[in-house]
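These notes are about the structure you will find just below.
We did not get these values from a lab; they are worked out from the coordinates using the rules stated. Bear in mind the structure is a predicted one, so any value in this text is a computation, not a measurement. Please note: Cβ atoms are built from the backbone with ideal geometry, for glycine as well, and neighbour counts cover all protein chains shown.
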Amino acid sequence: MKFINWREREEIKLGILTDRGVLKVAEAASELDMNVPLTLPATMAGGSKAAEALVALVEQAAGAPNAAIYAPIDELDLAPCVTDPGKIICIGLNYSKHAEETGARIPDYPILFNKFNNALSAHGDEVIIPKVTTKVDYEAELAIVIGKRAKDVSEEDALSYVFGYCCANDVSARDLQARTRQWLLGKSCDGFAPIGPYVATADEIADPNALSIQTTVNGELRQNSSTGDMIFSCKTLVSYISQHMTLLPGDIILTGTPEGVIVGYPPEQQVYLQDGDSVTISIEGLGELTNVMRAE
Ligand code: MG
């Protein structure tokens, strides 16, 4: 299944992408008098029973006469597809050609850093270029969404703890990132973690390390690679992180970016993101995540 979050007044509501558009879960459950989880956290907490209930809802809704339980995705005000993660863990330099383009050596261990929830933004949100930076860059990344408590899990079992996957953009202010040895400042400005448009559940992604991944800026292809080029694979990352900190449902792992970022260009060709630039991240099976940049 493909889950989206959308905003209605102050509320975050759950939707499921279907052939008829987005099924509004609460509206459909009410219309069909069915008992299903109404939020993504409740869906994760409910495990296989919750998933079965939602599959049944989608099936029954398909035959329901009331078209108002569906909406075209373009008509909804999308929220981040995960709204309140306990952790946003990011992996640096996890594609060998990206490590090369930045002049860094191939890491012996995964490089971990983080963002906070202030950085989350949704498909369609504008991302503000703060006035404290002139070097904002994109990074297409596959995001892992954890579905079950994971503590010290093996690589073999690691992917069974994954709820799903989504597109992410690890927006990065290179001048702030390089100001000190810790990258945090350049990675954690408001809105610097667009995710979405939806989370596809893990059963839809046969191998998270065999997906094509691209970035375009104003339609021009900038990154074009495969998640198969990761140095540390998804299962390795989940296992490795879980040996050091307990992963919980809703936690997000941004798995690193391939080559083609602006900071990897020769200096005379580095033109950083400007007001009005439209950045689209696309990953096979996970749709397209588009955000327009706005100067503060
Ligand atoms: Mg990154």
Taking Cα atoms, the helix 40-62 axis meets the longest principal axis of the chain at an angle in degrees (rounded to 10) of 60
Show the residues, 5+ positions off or on another chain, whose built amide H is closer than 5 Å to the amide H of Thr18. Leu23
Nearest-0.05 FRET efficiency for Val292 and Gln243, computed from C-beta distance (R0 51 Å): 0.80
What does DSSP give for the chain in terms of the percent of beta bridges that are antiparallel, rounded to the nearest 5? 85
For Leu221, project a label point 7 Å along Cα to C-beta. Then give me every residue of the stretch 81-98 with its amide nitrogen under 15 Å of that point. none
For the stretch 1-70 and the stretch 186-233, what is the separation of their C-alpha centers, rounded to whole Å? 25
If the chain between Gln274 and Arg179 were fully stretched, how many nm would it gain, using 0.36 nm times the residue separation less the Cα-Cα distance? 32.1 nm
Please turn the phi angles of the stretch 74-79 into ³J(HN,Hα) values with the Karplus equation 6.51 cos²θ - 1.76 cosθ + 1.60 (θ = phi - 60°), one per residue in order, whole Hz, x for glycine and proline. 5, 8, 9, 8, 5, 9
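Dipole size in debye (nearest 20) for the stretch 82-295 around its Cα centre, Lys and Arg Cβ +1, Asp and Glu Cβ -1?
720
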Among the listed pairs Lys24/Lys235; Lys97/Lys187; Lys13/Lys135, which are separated by more than 31 Å between their Cα atoms? Lys24/Lys235; Lys13/Lys135
Over the chain, what is the relative contact order in percent, taking alpha-carbon pairs closer than 8 angstrom and at least six residues apart? 24
Given H placed 1.01 Å from N in the peptide plane, which residues other than close sequence neighbours of Ala193 have an amide H under 5 Å from its amide H? Leu120, Ser121
Range in the chain, longest, excluding exposed trypsin sites (Lys or Arg not before Pro) [loop by DSSP; at most 14 other beta-carbon atoms within 10 Å]: 182-296
Under the rule of -39500 (n - 2.57) per DSSP H run of 4 or more residues, summed and divided by the residues of the chain, what mean residue ellipticity at 222 nm is obtained, to the nearest 500 deg cm²/dmol? -5500 deg cm²/dmol
So what J values fall out for the stretch 262-277 if you push phi through Karplus, 6.51 cos²θ - 1.76 cosθ + 1.60 with θ = phi - 60°, rounded to Hz, Gly and Pro as x? 4, 5, x, 6, x, x, 5, 9, 7, 10, 6, 4, 10, 3, x, 5
Once phi is turned into θ = phi - 60°, what whole-Hz ³J(HN,Hα) does the Karplus curve with 6.51, -1.76 and 1.60 give for every residue of the stretch 88-103, x standing for Gly and Pro? 10, 9, 10, 10, x, 6, 9, 10, 4, 5, 6, 4, 4, 5, 8, x
The set of residues whose placed amide H lies less than 5 Å from the amide H of Arg294, leaving out same-chain residues fewer than 5 positions away, is Val127, Ile128, Ile129, Gly276
Considering only Thr255, Thr215, Thr201, whose Cα is most displaced toward the positive end of the charge dipole of the stretch 82-295, charges sitting on Cβ of Lys, Arg (+1) and Asp, Glu (-1)? Thr255
